[in-house]
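Working notes, structure below.
Nothing in this text is a laboratory measurement; each read-out follows from the coordinates by a stated rule. Computed from a predicted model, the values in this text were never measured in an experiment. Counting neighbours? That spans all protein chains shown, and the Cβs are built from the backbone with ideal geometry, glycine included.
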Amino acid sequence: MTEQVVIRCEQYLDHPPAVVWTALTDPEHLARWWVPGDIKPAVGHRFTLDMGNWGLQPCEVTAVEPEQLLRYRFAEESLDTTITWRLVPEGKGTRLLLEHAGFDLDSPMGKQAYHGMGEGWPHLLGHLDAMLAGPAA
């Protein structure tokens, strides 16, 4: 039996949930801090994320609670993981909680992705924070 392996990260963002939600769900904003993709916050929406050297990764939105939760399957035909974003109002800002689950550490690709994304996600959340703090966020 394969153990469920999860990456968890969080970042306080000095912006209200509506602004953070747009950064996660609007293709133009998403491309500014992470990767290009035709995301849309609608359950059942199938989209791709352009992961550069790793190619176009197919995804499907599985849960949406506007300005609170977004969950989608990621890299369905290779990693088969799930990314969950939770937005929690905190003061004048938002506590953004990320959970990236389902890595198969018995697979060389799964193990490599787990280690790479485990190091990469905190940096990406920093990019999100910087993008939101910049002009025309």
Computed P(r) (all Cα pairs; the chain; 5 Å bins; percent): 2, 10, 19, 25, 22, 14, 6, 2, 0, 0
Cβ-based net charge around Leu49, under 12 Å, with every Lys or Arg adding one and every Asp or Glu removing one: -2
Phi-based couplings in Hz for the range 21-30 (Karplus 6.51, -1.76, 1.60; Gly and Pro marked x): 4, 4, 5, 8, 10, 9, x, 5, 5, 4
Contour minus Cα-Cα distance for Ala130 and Glu65 (0.36 nm per residue): 20.9 nm
Mean separation of Cα contacts under 8 Å (6+ apart) over length of the chain, as relative contact order %: 28 percent
Within the chain, helix-based [θ] at 222 nm, where runs of 4 or more DSSP H residues each add -39,500 (n - 2.57), nearest 500: -10000 deg cm²/dmol
Under Karplus coefficients 6.51, -1.76 and 1.60, residue-wise ³J(HN,Hα) of the range 52-58 in Hz, glycine/proline x: x, 4, 8, x, 7, 10, x
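Ignoring GluC sites (Glu not before Pro) that are buried or in helix or strand per DSSP, and keeping those with at most 15 other beta carbon atoms within 10 Å, what is the longest stretch of the chain between them?
Values: sites that count: Glu3, Glu76, Glu77.
My reading of the result: 4-75 is the longest stretch.
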